[in-house]
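In what follows, a single structure is set out as structure tokens and then discussed.
The values are calculated or read from the model by the stated rules, or taken from the named source; none is laboratory data. Everything numeric in this text was worked out from a predicted model, so none of it was measured. Cβ coordinates were reconstructed from backbone atoms using ideal geometry, including for glycine residues, and neighbour counts include every protein chain displayed. These area figures cover heavy atoms from the full protein model, side chains too; ligands, DNA and RNA do not enter into them. Shrake-Rupley method; radii C 1.70, N 1.55, O 1.52, S 1.80 Å.
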Amino acid sequence: MEAGTLSILLFLTLLGLLASGIWVAPALLAVGFIGIDFFTDAPVGSLLASTVWDASWNWALTALPLFVWMGEILFRTRLSSDMFNGLAPWLVRLPGGLLHVNIIGCGVMAAVAGSSAVTCATVGRMSIPELRKRGYDEMLSIGTLAGSGTLGLLIPPSIMLIVYGVLAQQSISRLFIAGVFPGILIIGIFMSYVAIRALLDPKLAPVEESSSNFLEKLKASRHLIPVVGLIFSVIGSIYGGYATPTEAATVGVIGALILAWLSKSLSWKSFLESLMGGVKTSCMITFILVGAAFLSTAMGFTGAPKILAGYVDELNLTPSMLIVILTILYIFLGCFLDGVSMMVLTAAVVLPMVENAGINLLWFGVFTVIVVEMAQITPPVGFNLFVLQSMTGRDIMSVTRASMPFFFLMLLGILIITLVPEIVLWPVEIMINRN
Amino acid sequence: MRRCLDHLYQISGYIAAFFMVMIGLTIVGQICGRFVGIAIDSTETAGFSMAAMTFFGLAYTFRQGEHIRVTLFLRFASGRIKKLLDLFAVGFCVIIISYLTYWAFDFVYFSYKFDEISQGLLAIPFWIPRLAMALGSLIFLIALSDEFFSVLKGGIPSYEENASPVYGEIEEPKDIRGR
């Protein structure tokens with residue numbers, strides 16, 4: 001069968017299976033089975049076992065459960081309750097006032113939690129009532145939460161970047177470092193937007209008096225600083241070449257346990273909860289990756305991805321055109337799928353295309369994660385929208401409308417990193433030259 | 001019977017957690033070894049623990065409703081259609097996972113028969129870590145079949161009953177509850 005028809009057939013089968021509610025990983029295995037058994041002569045059973053095995057004990061993947069676990073431990077400390085009070089005194093004087101707490105708070109929480117819906121919910125739980133009480137514009141408050149909640153996918157240690165690194169066989173250390181500045185860029189864009197809106201229309205945010213001095217500010221954020229310090233040392237040890245991501249994650253877990261113990265929030269119960277929480281999330285992601293590995297082996301046997309990449313070659317698309325098309329594709333897929341599935345489903349076909357077009361795969365990783373972030377706030381399946389809807393009691397339409405500006409701000413972020421790819425690649429080059 | 005199975009899934013989950021801790025411990029061993037000057041290669045032990053964690057975690061994760069699926073269309077279904085869709089999805093997975101389980105055991109058997117040895121310093125016979133894949137898949141298969149019959153009998157699927165909504169996981173901290 002012709003490669004194009006075959007891949008479309010397999011893709012439609014996969015969409016059908018997924019739409020009928022079959023779990024993502026078994027669906028991937030099933031489509032891989034069809035691809036090999038119906039269209040090639042390869043021994044599908046033993047291929048299945050060996051591919052699944054090889055994919056499941058991947059060294060690069062071992063960082064994933066440890067980072068997830070670290071997040072689960074920190075998440076159960078006083079961090080979430082202290083976030084608002086710890087950040088507020090530092091940010092209150094900026095135009096837009098405490099709205100910036102939403103953005104920075106999500107940025108910090110994101111580095112810890114790694115899940116955007118959880119980030120959004122944790123920060124929002126504290127800040128929504130507080131901002132409402134002080135008379136901030138609710139639409140802007142919802143929007144900042146929805147937008148910044150997605151930062152968790154990008155700011156290292158990012159689970160999404162580990163998943164991408166495994167799929168694209170890229171160094172996880174380099175991906176983490178590549179993600180740092182785009183993350184800061186997007187935070188900067190969000191904060192500037194809030195500041196400009198607040199300056200143009202003072203009704204949106206009341207002007208706050210700040211009475212606390214430097215020492216009082218430090219005291220208010222005393223529980224926050226160690227956590228930020230821990231995250232910095234984890235990233236720093238990777239950047240300095242002192243540790244592999246897995247080693248840094250192990251140190252992170254130990255550090256998180258010590259912080260939890262010092263803040264008296266470590267009990268046998270919370271330890272066990274964090275452990276089982278870590279198992280659930282990592283098992284879910286690895287199972288999908290294992291399924292994807294089999295599907296991509298199957299696709300390799302049929303030869304479809306190479307031929308498809310050839311078609312794209314013939315179209316003579318410029319890299320920027322390809323990026324535009326892929327952005328649209330991902331935003332469309334994001335209306336139905338979650339981030340990990342989106343990445344995994346497209347990897348086998350999209351990555352060879354991208355590589356063919358001469359696009360840097362580290363840069364593309366950061367790009368993909370930002371687009372996946374945008375997908376978290378597009379209806380009908382935008383996880384952050386659901387969370388905010390149930391927390392504010394507003395209907396999904398107004399939550400979506402509040403989030404839309406942030407969707408476009410992220411698009412602006414993508415435009416900037418496309419025009420100035422150095423934002424992504426330059427820190428990586430410095431790291432490589434250093435070590 | 002019911003309690004027996006529930007224990008099986010729970011214990012399988014604990015085994016997965018044990019192996020997650022093992023990943024960390026082997027890395028700690030490697031870091032300490034580096035300071036003392038002993039080469040400890042954790043690539044294999046950490047990798048094998050990773051695989052064991054994944055497969056032993058499958059059933060537990062499934063029962064807790066953490067495996068991802070597209071629920072966009074399922075949300076519109078109710079009553080008998082909902083039940084049929086659940087049976088289809090679970091039944092389909094029973095078929096796929098029994099196929100995987102069969103070949104996983106076949107894989108273990110052949111690595112035992114041909115005495116395949118891992119290439120690292122420890123030279124572990126490959127059938128041992130691969131057995132974790134086979135056993136984990138088997139427990140997952142049992143969980144899926146169990147689920148199929150309990151949905152058939154009209155029960156609420158465990159993956160819906162046990163699942164926590166995202167924001168429900170977050171306990172409200174005590175010190176602000178009064179406000």
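List of remarks:
- Test: A:V112 is under 27 Å from B:T54 (Cβ atoms), surrounded by 23 or more Cβ atoms within 10 Å (Cβ to Cβ) and facing chain B (nearest Cβ under 9 Å): no
- The range B:18-29 - residue that is crowded, with 21+ Cβ neighbours inside 10 Å and facing chain A (nearest Cβ under 7 Å) and, of those, nearest to the chain's Cα centre (by Cα): B:M20
- One residue stands out among those in the range A:299-313 that are among the small types (G, A, S) and modelled with pLDDT of 75 or more: the one that is surrounded by the most Cβ atoms within 10 Å (Cβ to Cβ), which is A:A304.
- Among the conditions (1) under 28 Å from the mean Cα position of the chain (by Cα); (2) open to solvent by 10 Å² or more (accessible area, probe 1.4 Å), A:N316 misses just one, which is (1).
- The residue of the range A:117-154 that is surrounded by the most Cβ atoms within 10 Å (Cβ to Cβ), among those that are closer than 16 Å to A:A195 by Cβ and of a type in the set (S, T, N, Q), is A:T144.
- Some residue of the range B:49-70 being at pLDDT below 90, more than 20 Å from B:P129 (Cβ to Cβ) and of a type in the set (S, T, N, Q): no
- Residue under evaluation B:T45, criteria (1) more than 15 Å from B:A134 (Cα to Cα); (2) open to solvent by less than 60 Å² (accessible area, probe 1.4 Å); (3) at pLDDT 90 or above, criterion not met: (3)
- Breaking point among (1) within 12 Å of chain B (Cβ to nearest Cβ); (2) buried (at least 20 other Cβ atoms within 10 Å of the Cβ); (3) over 21 Å from A:S171 (Cα atoms), for A:P380: (2)
- Single residue of the range A:118-170 satisfying the filter (under 19 Å from the mean Cα position of the chain (by Cα), part of a loop (DSSP other than H, G, I, E, B) and not hydrophobic (A, V, I, L, M, F, W, C)) that is nearest to A:C283 (Cα to Cα): A:S158
- Qualifying residue in the range B:139-147 (condition: open to solvent by 50 Å² or more (accessible area, probe 1.4 Å) and touching a Phe, Trp or Tyr at 6+ places or on another chain (Cβ under 6 Å)): no
- Scanning the range B:30-45 for residues that are over 20 Å from A:N58 (Cβ atoms) and either within 12 Å of chain A (Cβ to nearest Cβ) or in a helix (DSSP H, G or I) (or both) yields B:I31, B:C32, B:G33, B:R34, B:F35, B:V36.
- Filter result for B:F88 (open to solvent by 70 Å² or more (accessible area, probe 1.4 Å) and at the interface with chain A (Cβ under 10 Å from one of its Cβ atoms)): yes
- For the range B:56-85, the set of residues classified as touching a residue at least 60 places away in the same chain (Cβ under 8 Å), at the interface with another protein chain (Cβ under 7 Å from one of its Cβ atoms) and part of a helix (DSSP H, G or I) consists of B:G57, B:L58, listed by residue number.
- The range A:49-90, subset open to solvent by less than 10 Å² (accessible area, probe 1.4 Å) and farther than 30 Å from A:I103 by Cβ, residue nearest to the chain's Cα centre (by Cα): A:L61
- Qualifying residue in the range A:270-281 (condition: away from chain B (no Cβ under 12 Å), closer than 25 Å to A:G107 by Cβ, part of a helix (DSSP H, G or I) and touching a residue at least 60 places away in the same chain (Cβ under 8 Å)): no
- Residue count for the range B:128-160, restricted to those that are among the acidic types (D, E) and without any contact (Cβ under 8 Å) to a residue 40 or more places away in the chain: 0
- Restricting the range B:91-132 to residues that are of a type outside the set (A, V, I, L, M, F, W, C) and open to solvent by 80 Å² or more (accessible area, probe 1.4 Å) leaves a set whose member that is nearest to A:L337 (Cα to Cα) is B:Y102.
- Residue match in the range A:225-232 (condition: aromatic (F, W, Y), assigned to a helix (DSSP H, G or I) and away from chain B (no Cβ under 14 Å)): yes
- Selection of the range B:115-127 for residues being in contact (Cβ under 8 Å) with a residue 12 or more places away in the chain and among the aliphatic types (A, V, I, L, M) yields B:L121, B:L122, B:I124.
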